[in-house]
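The structure under discussion appears below in the form of structure tokens.
The values are calculated or read from the model by the stated rules, or taken from the named source; none is laboratory data. Bear in mind the structure is a predicted one, so any value in this text is a computation, not a measurement. With ideal geometry, Cβ positions are generated from the backbone for all residues, glycine too; neighbour counts draw on all protein chains shown.
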Amino acid sequence: MSRRPYLREQSKSGWWLSQPRYVRYMMREVSAAFIGIYALILIIGVHRLSQGEIAYASFMASTKGPAGLLFAAAAMLFAVYHTLTWFQVTPKAMPLTLSGKRVPGGVIVAAHWLGFAVASAAVWLLVGS
Amino acid sequence: MSDRTIELEILRYDPEQDDAPHFQTYTVPCQEDWVVLDAINFVKENLDRTLSYRWSCHMAVCGSCGMALNGEPALACHAFVRDYPERIRIEPLQNFPIERDLVVVMDDFMEKLAAVRPYVIAAEEKDVEDGEHLQTPAELARYKQYTACINCLLCYSACPQYGLNDSFIGPAALALAHRYNLDSRDVGRSAREDVVASNPGIWECSFVGACSEVCPKSVDPAAAIQQTKIASSGDYFMKFLMPWKRK
């Protein structure tokens, strides 16, 4: 009797297509790239603003082209997906116990959304309109 | 008396004859209340005595009958045939070498499990006649969920990080390390740290979460690992803020 174990290698590049849950995970990871690029564009915008009104106006015009709008829409969708999925897993990473009782996961998720709404409202009040 | 006939497509591998695994199909008359393990047992008893697989308790306690059912890691005793289509593809757990048919080599896991020292490391040894290490219900509640692990390896099979890099300590071992770290009777957290808080430890996990989705005992290893990451990051910063507090 000889031992000859056989290992079925996982595909190094295509593994994430083998299960819907892996695809969802990769979408969540890829969302960071969209958010990163969006942040980069924002930084470029601030830099252009420092160069004066004409430079800033031309920057603004460039973001309003079809490619700019398409990217902004995609970045928005990915940002929402990122937020949704991360808030959803917060009870796992940060379980809370209050006076000996575990706080239900739904409450922790809701608290994050509430914080998100308050922060958004604060930003809107500060720089909006 | 059979209620439904199904086809089991089982991955076979005989290390003495085969160069690679291949599928073999069996037609099995199933009863309404059968689990997949019953159907496999039917094959073994009536159709093909050469089929090898592990099983013992038939009630999701022993953790022996983990396999991939239509690509999804599951306990064969915990999966009703009625919940599957007419054809069930049965494979050994992914990410482990196949010893024979549905039996996988679990040596790698056993080494990793031992490496995280999954037992209570008490501050001082106590003789049996000195009585129990007492614990309040609240102290028990902190870690109880993680004690439910039955080492069935479904989490390792579902984890793409382990599939890509088998030096990863992996979900079950890290969840058990967390279980003992949370135990009020245990002082072994720093002793486990070298393995747990290393790159192949918690930091190899990218929170895919598949381990928790397939866990038959709701252990939630993904949660355990994320909590360990937070605690470990806390340790890292405390080392600079309060160096005198370290061991």
Return a yes/no flag: does the stretch B:104-113 have any residue that is touching a strand residue (DSSP E or B) at 6+ places or on another chain (Cβ under 7 Å) and either assigned by TED's automatic domain parsing to the domain that holds B:Thr228 or under 30 Å from A:Tyr22 (Cβ atoms) (or both). yes
Among residues belonging to the stretch A:4-24 that are farther than 20 Å from B:Asp166 by Cα and not aliphatic (A, V, I, L, M), point out the one that is surrounded by the fewest Cβ atoms within 10 Å (Cβ to Cβ). A:Pro20
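What do you reckon, is A:Gly68 surrounded by 13 or more Cβ atoms within 10 Å (Cβ to Cβ), over 30 Å from B:Ala141 (Cβ atoms) and modelled with pLDDT under 95?
Numbers: surrounded by 13 or more Cβ atoms within 10 Å (Cβ to Cβ): yes; over 30 Å from B:Ala141 (Cβ atoms): yes; modelled with pLDDT under 95: yes.
It is true that A:Gly68 is surrounded by 13 or more Cβ atoms within 10 Å (Cβ to Cβ), over 30 Å from B:Ala141 (Cβ atoms) and modelled with pLDDT under 95.
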Can you go through B:Pro118, B:Pro92 and tell me which one is touching a residue at least 40 places away in the same chain (Cβ under 8 Å), closer than 19 Å to B:Cys211 by Cβ and within 11 Å of chain A (Cβ to nearest Cβ)? B:Pro92
So which residues in the stretch B:91-137 are β-branched (Val, Ile, Thr), within 19 Å of A:Gln10 (Cβ to Cβ) and not in a loop (DSSP other than H, G, I, E, B), if there are any at all? B:Ile98, B:Val104
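Within the stretch A:70-83, does at least one residue satisfy the condition of being under 30 Å from B:Thr228 (Cβ atoms) and within 14 Å of chain B (Cβ to nearest Cβ)? Walk me through how you get there before you give the answer.
Of all residues in the stretch A:70-83, those under 30 Å from B:Thr228 (Cβ atoms) come to A:78-83.
From what's left, within 14 Å of chain B (Cβ to nearest Cβ): A:82.
Scanning the stretch A:70-83 turns up at least one residue that is under 30 Å from B:Thr228 (Cβ atoms) and within 14 Å of chain B (Cβ to nearest Cβ).
Taking helices (runs of 4 or more DSSP H) that do not extend beyond the stretch B:160-247, which have at least 1 residues that are within 14 Å of another protein chain (Cβ to nearest Cβ)? Don't jump to the end; show me each part of the working.
Details: elements: B:160-164, B:171-181, B:189-196, B:210-214, B:221-241.
Because the criterion is at least 1 residues that are within 14 Å of another protein chain (Cβ to nearest Cβ), the helices (runs of 4 or more DSSP H) in the stretch B:160-247 that meet it are B:160-164, B:171-181, B:210-214, B:221-241.
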